[in-house]
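Heads up: the structure comes next, in C-alpha coordinates.
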Amino acid sequence: MLDKECLFCKIIEGKIPSAKVYEDQKMYVFNDIAPKAKVHLLAVPKTHFALLSEADGEGFSMLSHIFEKIPQIAAEYGCEKGYRLVINQGEDAGQTVHHLHVHILGGQPLDW
Ligand code: AMP
Ligand code: ZN
(Lines give C-alpha, C1' and ligand atoms only; values in the text may rest on other atoms or scores of the structure.)
(Ligands and ions follow the chains in the order given, each with its own letter.)
Protein backbone atom coordinates (compact mmCIF):
# COMPACT_ATOMS: atom_id res chain seq x y z
CA MET A 1 0.00 0.00 0.00
CA LEU A 2 1.31 3.42 -0.94
CA ASP A 3 0.63 6.64 0.99
CA LYS A 4 -0.81 9.64 -0.91
CA GLU A 5 1.12 12.13 1.22
CA CYS A 6 4.52 10.42 1.06
CA LEU A 7 7.31 11.80 -1.12
CA PHE A 8 8.83 8.41 -1.96
CA CYS A 9 5.40 6.88 -2.67
CA LYS A 10 4.84 9.75 -5.13
CA ILE A 11 8.24 9.02 -6.71
CA ILE A 12 7.37 5.31 -7.02
CA GLU A 13 4.09 6.26 -8.72
CA GLY A 14 5.87 8.67 -11.08
CA LYS A 15 3.96 11.68 -9.70
CA ILE A 16 7.27 13.31 -8.76
CA PRO A 17 10.21 12.92 -11.15
CA SER A 18 13.29 10.97 -10.14
CA ALA A 19 16.46 9.67 -11.75
CA LYS A 20 15.50 6.00 -11.75
CA VAL A 21 18.23 3.39 -12.06
CA TYR A 22 16.25 0.20 -11.40
CA GLU A 23 12.68 -0.94 -10.83
CA ASP A 24 10.84 -4.21 -10.44
CA GLN A 25 7.63 -5.39 -8.75
CA LYS A 26 9.00 -5.01 -5.23
CA MET A 27 11.48 -2.15 -5.31
CA TYR A 28 12.43 1.18 -6.87
CA VAL A 29 15.96 2.60 -6.98
CA PHE A 30 16.89 6.18 -7.85
CA ASN A 31 19.64 8.76 -7.40
CA ASP A 32 19.60 10.77 -4.18
CA ILE A 33 18.89 14.42 -4.99
CA ALA A 34 21.63 15.61 -2.58
CA PRO A 35 24.37 13.00 -2.98
CA LYS A 36 26.72 12.42 -0.02
CA ALA A 37 29.17 10.40 -2.14
CA LYS A 38 30.07 10.06 -5.81
CA VAL A 39 27.43 7.34 -6.03
CA HIS A 40 24.39 7.79 -3.79
CA LEU A 41 21.37 5.65 -4.61
CA LEU A 42 18.19 5.12 -2.63
CA ALA A 43 16.48 1.73 -2.73
CA VAL A 44 12.87 1.74 -1.52
CA PRO A 45 10.25 -0.98 -1.09
CA LYS A 46 7.04 -0.53 -3.08
CA THR A 47 4.95 -0.44 0.06
CA HIS A 48 4.78 2.37 2.57
CA PHE A 49 6.29 2.04 6.04
CA ALA A 50 8.81 4.24 7.81
CA LEU A 51 10.48 1.93 10.30
CA LEU A 52 11.60 -1.68 10.50
CA SER A 53 9.40 -1.92 13.60
CA GLU A 54 6.36 -1.17 11.38
CA ALA A 55 7.14 -3.71 8.66
CA ASP A 56 4.72 -6.57 8.06
CA GLY A 57 5.34 -9.78 6.12
CA GLU A 58 5.04 -8.02 2.79
CA GLY A 59 7.46 -5.30 3.91
CA PHE A 60 10.07 -7.85 5.01
CA SER A 61 9.63 -9.79 1.79
CA MET A 62 10.37 -6.59 -0.14
CA LEU A 63 13.36 -5.81 2.07
CA SER A 64 14.75 -9.29 1.59
CA HIS A 65 14.39 -8.82 -2.15
CA ILE A 66 16.10 -5.41 -1.95
CA PHE A 67 19.11 -6.92 -0.16
CA GLU A 68 19.30 -9.70 -2.73
CA LYS A 69 19.37 -7.17 -5.59
CA ILE A 70 21.67 -4.52 -4.10
CA PRO A 71 25.03 -6.20 -4.89
CA GLN A 72 24.21 -6.36 -8.61
CA ILE A 73 22.76 -2.82 -8.77
CA ALA A 74 25.66 -1.34 -6.77
CA ALA A 75 28.24 -3.00 -9.02
CA GLU A 76 26.44 -1.81 -12.13
CA TYR A 77 26.29 1.82 -10.97
CA GLY A 78 29.91 2.41 -10.01
CA CYS A 79 30.34 0.68 -6.65
CA GLU A 80 32.34 -2.30 -7.88
CA LYS A 81 35.06 -1.55 -5.30
CA GLY A 82 32.65 -1.53 -2.39
CA TYR A 83 29.82 0.49 -0.93
CA ARG A 84 28.10 1.39 2.32
CA LEU A 85 24.46 0.76 3.17
CA VAL A 86 22.67 3.10 5.58
CA ILE A 87 19.09 2.88 6.86
CA ASN A 88 18.20 5.82 9.07
CA GLN A 89 15.52 4.94 11.60
CA GLY A 90 13.75 7.77 13.39
CA GLU A 91 14.57 11.14 14.81
CA ASP A 92 17.97 10.57 16.43
CA ALA A 93 19.22 9.01 13.20
CA GLY A 94 18.09 12.08 11.27
CA GLN A 95 15.50 10.26 9.17
CA THR A 96 13.81 12.94 7.06
CA VAL A 97 11.68 10.87 4.68
CA HIS A 98 9.35 8.50 6.48
CA HIS A 99 9.30 5.77 3.87
CA LEU A 100 11.94 3.18 4.62
CA HIS A 101 14.91 3.49 2.28
CA VAL A 102 18.35 1.99 1.97
CA HIS A 103 21.09 4.48 1.10
CA ILE A 104 23.75 2.94 -1.18
CA LEU A 105 26.91 5.03 -0.98
CA GLY A 106 30.12 4.47 -2.91
CA GLY A 107 32.11 5.22 -6.02
CA GLN A 108 34.96 6.51 -3.84
CA PRO A 109 36.75 5.62 -0.61
CA LEU A 110 34.42 6.52 2.28
CA ASP A 111 35.48 7.98 5.62
CA TRP A 112 33.98 6.17 8.60
P1 AMP B 1 16.97 10.16 5.29
O2 AMP B 1 17.61 11.38 5.88
O3 AMP B 1 17.66 8.88 5.66
O4 AMP B 1 15.48 10.12 5.57
O5 AMP B 1 17.19 10.29 3.74
C6 AMP B 1 16.33 10.96 2.87
C7 AMP B 1 17.09 11.18 1.61
O8 AMP B 1 16.19 11.52 0.58
C9 AMP B 1 18.12 12.33 1.69
O10 AMP B 1 19.42 11.82 1.40
C11 AMP B 1 17.64 13.31 0.63
O12 AMP B 1 18.68 13.94 -0.08
C13 AMP B 1 16.82 12.41 -0.28
N14 AMP B 1 15.76 13.06 -1.04
C15 AMP B 1 14.86 13.97 -0.59
N16 AMP B 1 14.03 14.33 -1.58
C17 AMP B 1 14.41 13.65 -2.69
C18 AMP B 1 13.96 13.61 -4.03
N19 AMP B 1 12.90 14.33 -4.47
N20 AMP B 1 14.61 12.81 -4.91
C21 AMP B 1 15.67 12.09 -4.51
N22 AMP B 1 16.14 12.06 -3.24
C23 AMP B 1 15.52 12.84 -2.34
ZN1 ZN C 1 5.78 6.07 1.16
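The values are calculated or read from the model by the stated rules, or taken from the named source; none is laboratory data. For clarity, every value in this text was computed on a predicted model and none was experimentally measured. Reconstructed Cβ throughout: ideal geometry from the backbone, glycine too, with neighbour counts over all protein chains shown. Quick note on the areas: whole protein, heavy atoms, side chains included, nothing else; ligands and nucleic acids left out. Shrake-Rupley method; radii C 1.70, N 1.55, O 1.52, S 1.80 Å.
Just a few scattered comments:
- Rounded to 10°, Cα long-axis angle of helix 57-76 versus longest principal axis of the chain: 20
- Set of lysines near LYS46 by C-alpha distance (under 17 Å), chain-local residues within fewer than 8 positions excluded: LYS4, LYS10, LYS15, LYS20, LYS26, LYS69
- Estimated inter-spin distance, MET1 and LYS69, nm [label 7 Å along Cα→Cβ]: 2.3
- The string of couplings for segment 17-25 from the Karplus curve (6.51, -1.76, 1.60, θ = phi - 60°) is x, 8, 8, 6, 10, 7, 8, 9, 5 Hz, one whole number per residue in order, with x for Gly and Pro.
- For segment 49-100 versus segment 1-47, the gap between their alpha-carbon centres in whole angstrom: 11
- For the set MET62, MET1, the ranking by accessible area, highest first and with no ligand, DNA or RNA atoms included, is MET1, MET62 under a 1.4 Å probe.
- Global size of the chain: 13.3, 38 Å for Rg and Dmax (C-alpha atoms, Rg to one decimal, Dmax whole).
- Debye, to nearest 20: dipole size of the chain, +1 on Lys, Arg Cβ, -1 on Asp, Glu Cβ: 360
- DSSP-loop GluC sites (Glu not before Pro) across segment 12-112, with at most 12 other Cβ within 10 angstrom: GLU80, GLU91
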